[in-house]
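Reviewing the structure listed below.
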Amino acid sequence: WECVKNNTSFMKKPNGQKSRSGSVRFSVEPGNLMNKSTYKYSGIANSKTIDISPSSDNRATLTIKTKKAGNSGKKGTAAIALNKDFRRVENTIKTQATDNYYRPDLKREALAKYSAVYRSNRIAKGVKKGVPVKKGRA
């Protein structure tokens, strides 16, 4: 983590601000649930990571690192399709994260990320309407 915490190709610094000004640094690496550049959420530094991402068919995918991830790189992940109803997918995320003693500290973050992906997929499918944009003064 000490090697990649300040400089990595996945780092996003908003407005080019430095760490002295107190800005939040974001990271877009795979395996980073909250997209924050911290050791807890890092997909590079941790040997066990959880990631939830939208798929091309307006569904979601749960990706976790396998035991061989250190040697095999990108092939060292297992993808689980999350295509059931919300309650069953919530249970799947809980069992994969906490019941297997995989990353119980990321349970809340994983459920929050799935909720956001689920909401955006419903809007993309046309099931739910998006939030209207405020126009300002008329």
* For residue 39: the one exception among (1) over 23 Å from residue 12 (Cβ atoms); (2) among the aromatic types (Phe, Trp, Tyr); (3) in contact with a Phe, Trp or Tyr (Cβ under 7 Å, 6 or more places away or on another chain) -> (1)
* Is it true that some residue in the stretch 121-134 is of a type outside the set (D, E, K, R), within 19 Å of the chain's Cα centre (by Cα) and under 13 Å from residue 33 (Cβ atoms)? -> no
* Asked: Within the stretch 46-80, can you find the residues that are open to solvent by 70 Å² or more (accessible area, probe 1.4 Å), in a strand (DSSP E or B) and small (Gly, Ala, Ser)?
  -> 79
* To do: Mind listing whichever residues of the stretch 87-130 are over 18 Å from residue 50 (Cβ atoms), in contact with a helix residue (DSSP H, G or I) (Cβ under 9 Å, 6 or more places away or on another chain) and of a type outside the set (Lys, Arg)?
  => 127, 130
* Asked: Can you tell me which residues in the stretch 121-138 are touching a residue at least 24 places away in the same chain (Cβ under 8 Å) and either touching a Gly at 6+ places or on another chain (Cβ under 9 Å) or open to solvent by 70 Å² or more (accessible area, probe 1.4 Å) (or both)?
  -> 125
* Right, residue 103: under 15 Å from the mean Cα position of the chain (by Cα) and touching a residue at least 12 places away in the same chain (Cβ under 8 Å) or not? -> yes
* Would you pick out the residues in the stretch 23-36 that are touching a residue at least 24 places away in the same chain (Cβ under 8 Å) and either open to solvent by 80 Å² or more (accessible area, probe 1.4 Å) or in contact with a His (Cβ under 7 Å, 6 or more places away or on another chain) (or both)? -> 30
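Scan the stretch 37-52 and give yes if some residue there is of a type in the set (Gly, Ala, Ser), without any contact (Cβ under 8 Å) to a residue 40 or more places away in the chain, under 25 Å from residue 6 (Cα atoms) and touching a Ser or Thr at 6+ places or on another chain (Cβ under 6 Å), otherwise no. Write out each step before concluding.
To start, the set of residues in the stretch 37-52 that are of a type in the set (Gly, Ala, Ser) comprises 37, 42-43, 45, 47.
Subset that is without any contact (Cβ under 8 Å) to a residue 40 or more places away in the chain: 37, 43, 47.
Still in the list and also under 25 Å from residue 6 (Cα atoms): 37, 43, 47.
The next check asks that each one be touching a Ser or Thr at 6+ places or on another chain (Cβ under 6 Å); those that pass are 37, 43.
Within the stretch 37-52, one or more residues are of a type in the set (Gly, Ala, Ser), without any contact (Cβ under 8 Å) to a residue 40 or more places away in the chain, under 25 Å from residue 6 (Cα atoms) and touching a Ser or Thr at 6+ places or on another chain (Cβ under 6 Å).
The values are calculated or read from the model by the stated rules, or taken from the named source; none is laboratory data. In this text the structure is predicted, and so the values were computed from the model without any measurement. Cβ coordinates were reconstructed from backbone atoms using ideal geometry, including for glycine residues, and neighbour counts include every protein chain displayed. Heavy atoms of the whole protein, side chains included, go into the accessibility calculation; ligands, DNA and RNA do not. Shrake-Rupley method; radii C 1.70, N 1.55, O 1.52, S 1.80 Å.
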